[in-house]
Structure formats: structure tokens, C-alpha cells
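Working notes, beginning with the structure itself.
Laboratory data are not the source of any read-out in this text; all were calculated from the coordinates shown. Since we're looking at a predicted model, the values are computed, not measured. For neighbour counting, all protein chains shown are included, and Cβ atoms are generated from backbone atoms with ideal geometry for every residue, glycine included.
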């Protein structure tokens, strides 16, 4: 008998909690908003506090005998064709670390696409795993990286047959997708598991015109953020498992090791509600979103100075295997300014926040929540930006290196360099030193410098020029990037 997707176990349990007037002498201390500052209640609304209850001893009994979370996770697994699903309230940043730690262990090797998110690098630092970097497919003309090819993973396994598995990011924040089925085949022919960081792909299972979902492509574990392209709340993440290469109990243990003992039930509820919404209406909602994206992309392309990247730009030999059109990536290089300056102008003059901004692009992430009203405002703002391009053209230029110059030698393990004795030096004196910190332009959060990499002049010039034109480096010890932490000379 199939599962009943009309259910939403977490939401139903919250309703019961209030219907029976459950009274908790437990955390959270605001006690159903009664203790919250009235000024906070006025801004946040009481519903936030009413939904904030303990998971066990609140939403469920102290022994979780109601199976609330277990049933919600089972329904999600069924919805996306996985065998096991785990909810996380610590974002995909935690979920991907749990996935890495169940596939490999300290001192062992893992194949990792070098376009990985900073959370993957944090996992390497925490675990002591040795990364075998797999190069992305670089578009030197557009200065953008697409996911590595299956052939690149096969080559890496040939050179490092003892690697415990592989990790690939797909789709990228720009919407470029890997050939996951081919990469999974490369892994499985060697009996090794594939992890897919699919944080940007929560919507993929729900429409055939979107890139193939990782579980359907044969991945062993995939991690996705419900809050990015779905209807969940920020930090709501799920990770899925299938096949017999990974023990589900071991994966649950790794997640428990890293996760909070005080999960926010509101995040569980958002995940649960998204699953029901997508099972019941997902194909219709995603179809409308794709149609809206198509019309919006055409309208933006018609504005002088803009080019909307599409399949012809991103897909083909030595590029991406597939493409998600919902991240509307706009090349503004013809306007003679940077994405950083354009994004700031749009926020200042139109209270409109693009998603990504880099040296030549901005992006407008569309989801099933967008409609004619939101895209009309987007188009109006973009037209006004184009009309005022003259005032933005004195922006400094970013010295983007050639693909070969972006890659630096991994002279030490990320963990060893990060926890080593370090010193702070001027960036102008840092060439040939070994980085002791991670430096990540954000968004999208793909590190340009990793702990353990030997610093080179092109990368240092890229970051220095980037900061001068508006690049944000949130994890740098010196966000102005005048100094950098390096491994101390012995």
C-alpha cells in the first residue's frame, strides 16, 4: 500500500499540540510567546513562537512513540524516489559534512570537484580527509566553472584507486548540471559511493523538463536545501540515501555527531509542508515557473546591454551536461560595469536584491513562488539599470585569471594548514606562502583559496582587485584583504 501524501505529520502534530492545550515546563523559555518581548511579537508574529516547541517532549512524546519525524522522513523519501531520508535543521552545510564522514574517514582520500561549496572544505578541515581535486570544466571565454565531467572522475580514480568515493556539486548556483548518471557509473564500477551536493536542486524531482534528480541518476547520497529552490525555511535541509554501499544507521550517526540536540520544529514543518505541496501540485507549480522563466528570460534578452545565459552558453562539449533555467543568469558586461556594482544599484534604487553577483553577471533566482507581478518589477528595475549604466561605468575591473592560473598547489592537507601555527602577513608579501585560512567570494560560496594551498600572484591579484570592486569575502580574517593568514615558517 502506498503512503498517504495528504498527510503532513509535523504540521498535524503541531495542530494537535495546540488543540489539546499542551502545557510545557520545558524549553523554549518563551513558553508559546507568553515570555517573548512584545516588540519581537509585533515584528515576528505569534505564529513563529507557537510553532517553536520541543521535538521530543513537545511535538512528540519523550520517546518519540508517535513517530512524527520518522513518518515525515519516510514520506519525503517516497516523494523523491529515495530509500532513506533524513531531515536537518542545520542547513546543507551540515548535511554534506555528514555525507562525507560516512563515505570516508581521517587520513583517507575523497575525490572532490574543486568547485565545491565552502561547507565541503569545512568538512575536509574537520575530518582530516585528503582531497583529490577534480577540475571543473572551465569556460575560459565567460570565466565560469561548470561541474567536472565523468571522464575527469574516471581519471582521478585511475590515479588514486584507494579513494573512498566521490563528491560532485550539481546543479551549480548558476544552474549548470553534471552528467550524474555517468559519474555514478564511474563510481559504481569501482564499488565506490557518489555524494551529490544538490543544494540547489530541491525542485528537480517534480518536473521532467528539469535536470535529472540525483536519486534518479543513481547517486548514493544527495544533499538538498529545501529553503533554496523550495518552500522551506532557511536552514531546512534533507539528505537522501539509496543502495547498499552506505549503512543508513552510520549516516544517521554521523548526522547526530554534527547536528544540534535542539532542532527547530518550524524547520521540520517547512520541509514537511514542501513535500506535500510538491507531491500534490509540484508538476503544475514547476511548469508555471518554467513558463514564467522562459518569458522573463526572453524579455531580459531584449533589453540593450544584457545577455541571458542559456543552454547554448552553458551546455556542450567540455561544458555542462544540462541546465536549469530558473536561475536567470544575466551577463551585463556590455553595460561596462560589474555585477557587484549593478547589484548594489538595484538594491539602493529599487529595493531589489539579485541572488548572485560577480565580475560580469547578476542572477535573478526564480521559483514557483514568482509570478507576473514579481517579474514585472524585475524587468522594470533592469530596464532602469540599463538606462543608468553610464553612471556605473567607472567601476574598477576584476583581474580574473585564466583557468590554469586559478589552481594552486595543495601543499598541505586543509586540516593541517588550518590548525597549524600561523602568522598574518601583508597580501603583497604572501606569494609562495601556504594559506592557513579559507578565502571565499560570496555568494556563491566557492572558495578561491583553501588552507594548505600555496598562494600565487594571479589568485592574490584576483581577490585584491575583486575586493576593490565590491567582492565580499565573509570568511577572511581581514575582509578588506590587506592581510592574509599563512602557515608560519619554521
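Given the DSSP H assignment, sum -39500 (n - 2.57) over each helix run of at least 4 residues in the chain and divide by its residue total; what's the result at 222 nm in deg cm²/dmol, nearest 500? Walk me through the numbers before you get to the answer.
On the way: 18 runs with 187 residues, N = 490.
The helix-only estimate for the chain comes to -11500 deg cm²/dmol at 222 nm.
Evaluated at 25 °C with a viscosity of 0.890 mPa s, what Stokes-Einstein diffusion coefficient in µm²/s does the stretch 159-273 have when Rh comes from the Kirkwood expression over alpha-carbon pairs?
163
State the extension gain, in nm to one decimal, for the chain segment bounded by residue 34 and residue 482, taking 0.36 nm per residue of separation less the distance between their alpha-carbons. Don't jump to the answer; show the numbers that get you there.
Working: separation 448, 0.36 × 448 = 161.28 nm, distance 4.83 nm.
Working it through step by step, the gained length comes to 156.5 nm.
Normalising by the residue count of the stretch 283-392, find the relative contact order in percent from Cα pairs under 8 Å and 6+ residues apart.
30
Taking neighbour counts of Cβ atoms within 10 Å as a proxy for exposure, in what order, fewest first, do 442, 17 appear?
Result, fewest neighbours first: 442, 17.
At R0 = 30 Å, how high is the FRET efficiency between residue 311 and residue 373 if r is their beta carbon distance? Nearest 0.05 is fine.
0.65
Need the full-extension length gain, residue 216 to residue 351, defined as separation in residues times 0.36 nm minus the C-alpha distance. One decimal, nm. Walk me through the numbers before you get to the answer.
Values: separation 135, 0.36 × 135 = 48.60 nm, distance 3.94 nm.
44.7 nm is the gain from fully extending residue 216 to residue 351.
I need the calculated FRET efficiency for the pair residue 256 and residue 188, taking r as the beta carbon distance and R₀ as 25 Å, to the nearest 0.05.
E between residue 256 and residue 188, to the nearest 0.05, is 0.35.
Using alpha carbons only, how many angstrom separate the centre of the stretch 405-432 from the centre of the stretch 88-104?
Answer, in whole Å: 26.
Could you pull out which residues in the stretch 363-383 have an amide N less than 19 Å from a spot 7 Å beyond the Cα of residue 295, following the Cα-Cβ vector?
364-383
Over the stretch 403-487, what is the relative contact order in percent, taking alpha-carbon pairs closer than 8 angstrom and at least six residues apart?
The value is 39 percent.
Cα centroid distance between the stretch 229-286 and the stretch 303-363, in Å?
30
Taking 8 Å as the Cα distance limit and 6 or more residues as the minimum spacing, I'd like the relative contact order of the chain as a percentage.
RCO, the chain: 14 percent.
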